[in-house]
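The values are calculated or read from the model by the stated rules, or taken from the named source; none is laboratory data. All of these numbers come straight from a predicted model, not from anything done at the bench. Virtual Cβ from ideal backbone geometry, glycine too; neighbours counted across all protein chains shown.
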Ligand SMILES: Nc1nc2c(ncn2[C@@H]2O[C@H](COP(=O)(O)OP(=O)(O)OP(=O)(O)O)[C@@H](O)[C@H]2O)c(=O)[nH]1
């Protein structure tokens, strides 16, 4: 496919900027010093060329200075340098009796054009220089010392340079596109694998959450199970334990055996679920609601005083009493309330709550009793 020719495109190609800066630094230093020396040597014999050399020496040093301060302008500076060299070449070859020994300069300019600006710029300059040299030779417009053989060998050198650079560039482009294709494949593969891993990860994460939830939840009521609550309580810092006023409400459904026996286990389960839902509904988000076992439920309420816990238990008792389950007249619960004290284990706390619950049952059920503060 034919690409549009870009003659010395400026400021766009940032590839190899660092190397271009180093290259141009060397070229300007070398060209500046040589031009200065040539200017001194020629000043008396050929004042015109002496001045031209001095001019180019100054241009080289100015460009060196600009490049030193503005590395980002390397593309623009490279273009200016190439055009300057080109102009110098024109002056030397057409106005100052171009001679074959200086043809090496042409090859230098071409190589630099290829290196600095790429294939298109190099080809364009090669074609322009060849056309000018051959054109001038044939027309004899500006007298030069070139003979037919010089023109032929110059053409041959340029052709050789063209092929060398063309092959090199083609190879480089093939390698680059091959690398790009490999890179794209690799990226696609990495992306695909990353997506697969992410999907597996999130599935595993969901599964883990599910398992954690299942292992910590009572499947009938949806409340935390005994095992989970024991773990949570065990992890509860001993330093905090007893320092904040935490309360535990132990709830037992009254005459639940009778409900089971009269209406069957299915209805018994329904009652259990309704009571659990009611308890959950009237707890705070920070409370832990637990199915301790059978028809015994627990509400563990952090930062709650005995009085507050009693009021909460009372509220729950009243709400449960209002539950409407068609087959049953009323559902009642009894509850025992206790607060965590310094040095308490879970069994200490439960023991006090259980005693209070026992008193509530003894007092005729449908009651809330608080354990006395020790
Ligand atoms: N339907 C059902 N019943 C259960 C379940 N777990 C335990 N139970 C029953 O719950 C009853 C518990 O009765 P208790 O608490 O001992 O006695 P109660 O009849 O409630 O009498 P009080 O507690 O003194 O008021 C037993 O009959 C158990 O079989 C369950 O998951 N579903």
Quick check on residue 298: is it more than 16 Å from the ligand (Cβ to nearest atom), in contact (Cβ under 8 Å) with a residue 60 or more places away in the chain, closer than 14 Å to residue 221 by Cβ and surrounded by 16 or more Cβ atoms within 10 Å (Cβ to Cβ)? no
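Residue-by-condition table, conditions (1) touching a residue at least 60 places away in the same chain (Cβ under 8 Å); (2) exposed (fewer than 15 other Cβ atoms within 10 Å of the Cβ):
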residue: 302; (1), (2): no, no
residue: 312; (1), (2): yes, no
residue: 315; (1), (2): no, yes
residue: 324; (1), (2): no, yes
residue: 341; (1), (2): yes, no
residue: 354; (1), (2): yes, no
residue: 364; (1), (2): no, yes
residue: 372; (1), (2): no, yes
Considering the stretch 255-272 alone, what residues qualify as being part of a helix (DSSP H, G or I) and either within 6 Å of the ligand (Cβ to nearest atom) or surrounded by fewer than 16 Cβ atoms within 10 Å (Cβ to Cβ) (or both)? 256, 257, 258, 260, 261, 262, 263, 265, 266, 268, 269, 272
Condition set over 11 Å from residue 220 (Cβ atoms) and out of contact with any strand residue (DSSP E or B) (no Cβ under 8 Å at 6 or more places or on another chain), scope the stretch 273-285, selection surrounded by the most Cβ atoms within 10 Å (Cβ to Cβ): answer is 278
Across (1) farther than 22 Å from residue 369 by Cβ; (2) within 42 Å of the chain's Cα centre (by Cα), residue 288 clears everything bar (1)
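Per-residue answers, yes or no, for (1) more than 15 Å from the ligand (Cβ to nearest atom); (2) assigned to a loop (DSSP other than H, G, I, E, B); (3) over 20 Å from residue 367 (Cβ atoms); (4) modelled with pLDDT of 95 or more:
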position: 221; (1), (2), (3), (4): no, yes, yes, yes
position: 241; (1), (2), (3), (4): yes, yes, yes, no
position: 279; (1), (2), (3), (4): yes, no, no, yes
position: 290; (1), (2), (3), (4): no, no, yes, yes
position: 303; (1), (2), (3), (4): yes, yes, yes, no
position: 310; (1), (2), (3), (4): yes, no, no, yes
position: 314; (1), (2), (3), (4): yes, no, no, yes
